[in-house]
Each structure stands twice: as structure tokens, then as C-alpha cells.
Amino acid sequence: MEKRKLIPASDIYENENAYVILMEMPGIDKSTLSVKVDEERLIVEAKTVEIGKEWRPIDTEFELGEYHREFRIGPKVNRETIEASYQDGILTITLNKAEDFKPRQIEVKTA
């Protein structure tokens with residue numbers, strides 16, 4: 001049986017220094033959790049925990065399958081400082097802004 005493709009619900013927030021992505025991913029096998037970045041994308045993948053094949057489902061309500069989500073990221077993100085943590089079914093990814101794109105005060109000079 002082919003595994004179902006799941007798109008995790010996500011929230012994205014921003015402050016002057018970083019972006020943060022919160023992804024709802026309950027029931028995953030943590031050893032399958034992968035967060036990758038390339039020039040244009042942040043890619044998140046994971047698989048849900050499976051019950052043994054000796055068990056036959058009677059009624060199922062959990063979403064089981066493979067999570068996959070991609071986010072386009074541009075030059076505003078410092079790819080070298082991306083951090084991720086997983087706790088209580090929530091994946092948190094912090095993407096620091098590149099120094100060139102952080103808001104800054106411009107001094108106004110007088111002649």
C-alpha cells in the first residue's frame with residue numbers, strides 16, 4: 001500500500017532579525033525527520049510512526065504517511081545559521097535574516 005502524502009499545517013512569523021516556521025507534525029518517527037536547504041528552497045520531510053504489520057486496522061483517524069513541505073527562500077535568509085527543533089509534535093525552524101536585509105536606521109546628515 002502506497003503511503004499517503006501529507007502536507008503539515010504551518011505558521012510563519014517574522015521579526016526584524018529572523019523568520020520562524022512552526023509546523024504541526026504529530027506522530028512522526030524522529031529518525032526520519034529531515035530539514036534541508038538549497039539555493040532556493042527549504043525542504044522538510046518525515047514519516048509517521050507505523051504500527052506493526054501484524055495489526056489489522058478496525059477504525060483509524062490518525063493521518064499516517066509521509067510529510068513533505070517546501071518553502072521558497074530568497075537571498076534575505078542566512079542559510080548558514082538555520083536552526084530546527086522538534087518538541088511535542090511541533091517542528092520549529094528559525095531562519096535568521098542576512099545582515100544586508102535587516103532593517104537599520106539611516107543617519108541623516110546635514111550640510
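Computed values, structure above
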read-out	value
Search result, residues across the stretch 77-94 that are within 28 Å of Glu63 (Cα to Cα), surrounded by 13 or more Cβ atoms within 10 Å (Cβ to Cβ) and not β-branched (Val, Ile, Thr)	Ala84, Tyr86, Leu91
Top-ranked residue in the stretch 67-92 [being among the charged types (D, E, K, R) and assigned to a strand (DSSP E or B); ranked as farthest from Pro26 (Cα to Cα)]	Arg72
Members of the stretch 51-67 found to be without any contact (Cβ under 8 Å) to a residue 24 or more places away in the chain and touching an Asp or Glu at 6+ places or on another chain (Cβ under 8 Å), listed by number	none
The stretch 98-111, residues that are loosely packed, with under 12 Cβ neighbours inside 10 Å and in a helix (DSSP H, G or I)	Glu99, Asp100
Hey, Ala18 without any contact (Cβ under 8 Å) to a residue 24 or more places away in the chain, closer than 30 Å to Pro103 by Cβ, out of contact with any Gly (no Cβ under 9 Å at 6 or more places or on another chain) and aliphatic (A, V, I, L, M) or not	no
Spans of strands (runs of 3 or more DSSP E) in the stretch 1-48 with at least 3 residues farther than 11 Å from His68 by Cβ	10-14, 18-24, 34-37
Hey, Leu6 surrounded by 15 or more Cβ atoms within 10 Å (Cβ to Cβ), in contact with a Gly (Cβ under 7 Å, 6 or more places away or on another chain) and in contact (Cβ under 8 Å) with a residue 24 or more places away in the chain or not	yes
Options Leu95, Leu64; residue that is closer than 21 Å to Glu16 by Cα and either modelled with pLDDT under 95 or in a strand (DSSP E or B) (or both)	Leu95
Out of Lys76, Lys36, Lys47, sole residue that is of a type outside the set (Val, Ile, Thr) and under 22 Å from Asn15 (Cα atoms)	Lys76
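The values are calculated or read from the model by the stated rules, or taken from the named source; none is laboratory data. In this text, all values refer to a predicted model and were calculated from it rather than measured experimentally. Glycine gets a Cβ as well: all are built from the backbone with ideal geometry, and neighbour counts include every protein chain shown.
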